[in-house]
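Q: Take this structure first; my questions come after.
Just so you know, all these numbers are worked out from the coordinates, no wet-lab data involved. Quantities reported herein were computed from a predicted structural model and do not represent experimental measurements. All Cβ positions, glycine included, derive from the backbone under ideal geometry; neighbour counts span all protein chains shown.
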Amino acid sequence: MGEQRKINFAGVVRSVQPRSNVWRYRLDNRNHGLTGYNIFLKGAAAGEERNFAVAISEKQQEKMRFHIGDVISGTGWTKKYPKLEYADFYRAGSLKKEKVAIETEEESASPWTGEVPALSVYEWRGCRMLDGRTYSGKCFVCKWACMANVTIEYDWGVSQKFRFESFCYGPKNCKLYKMGKPRPVPYKGDTPSYDDGGLDEICTERRGDED
Ligand code: SF4
């Protein structure tokens with residue numbers, strides 16, 4: 001458990017993505033709970049120049065409408081449980097838009113860099129696993145990309161494992177999409193199960209290839 005402190009940050013927005021908690025149990029369950037947005041920034045946090053991410057709530061994003069290219073500032077807290085949270089800082093406050101990005105036309109091709117939708121839109125769409133390198137590369141700026149905080153039920157009710165996994169909420173026919181390797185889901189005393197895309201189909205069954 002880390003000791004928490006409040007920090008000031010400022011920087012230019014590099015990406016806005018949904019923030020989610022995923023719960024895995026073998027191949028029986030992969031539940032996605034959306035909890036707000038992660039704002040990825042290049043700038044200064046706690047007096048240090050760096051790239052970093054700040055978790056904000058849905059209400060904060062609704063009000064501030066952060067977008068790639070905006071220069072923003074605010075406060076945040078360091079993480080209490082670093083293994084559980086991908087963003088570097090959370091409990092954001094005093095958020096300000098110091099400079100608004102020049103408006104660009106809504107994108108016509110991937111990666112999709114327009115304004116992020118409400119969390120209910122992500123919930124309805126569901127997501128597929130996204131290859132980690134593709135996430136960090138061309139997909140990083142896309143509003144449909146997501147790096148989730150994942151909890152694996154490793155020994156039911158006794159112990160859990162934690163990791164971060166990349167997902168895509170975008171159209172199934174996106175040319176940049178790559179699933180990557182099947183993901184092992186370990187369980188104590190058993191060989192791991194492999195999430196090889198079957199759960200993606202269930203998670204995104206409401207929509208067709210172009211939605
Ligand atoms: S694969 Fe997904 S995250 Fe990447 S550009 Fe396409 S829709 Fe966006």
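Q: Points 7 angstrom from Cα along the Cβ direction at residue 181 and residue 91: gap in nanometres?
A: 3.8
Q: I've got another one for you. On a straight-distance basis, which lysines could pair with residue 80 in a cross-link, Cα separation under 25 angstrom, same-chain partners fewer than 8 positions away excluded?
A: The qualifying lysines are 6, 42, 59, 96, 161.
Q: Mind pulling the per residue volume of the convex hull built on the Cα atoms of the chain? Å³ is fine.
A: Output value, Cα hull per residue: 123 Å³.
Q: Follow-up question, since we're still on this one. For the range 10-68, what is Rg from Cα atoms divided by 2.2 N^0.38 Å, rounded to two decimals?
A: The value comes to 1.38.
Q: I'd like the distance separating the alpha-carbon centroids of the range 83-116 and the range 53-71, in whole Å.
A: About 5 Å separates the Cα centre of the range 83-116 from the one of the range 53-71.
Q: Calculate the length of the line joining the C-alpha centroid of the range 129-156 to that of the range 28-50, in whole Å.
A: Their Cα centres are 12 Å away from one another.
Q: So what's the net charge close to residue 203: Lys and Arg +1, Asp and Glu -1, counting the other residues with Cβ under 14 Å from its Cβ?
A: My count for the surroundings of residue 203 gives -1.
Q: Let me ask something else. Can you give the helix-only mean residue ellipticity at 222 nm for the chain, where every DSSP H stretch with n ≥ 4 adds -39500 (n - 2.57) and the sum goes over all residues, rounded to the nearest 500 deg cm²/dmol? Mind showing how you got there, number by number?
A: Details: 4 runs with 25 residues, N = 211.
The helix-only estimate for the chain comes to -3000 deg cm²/dmol at 222 nm.
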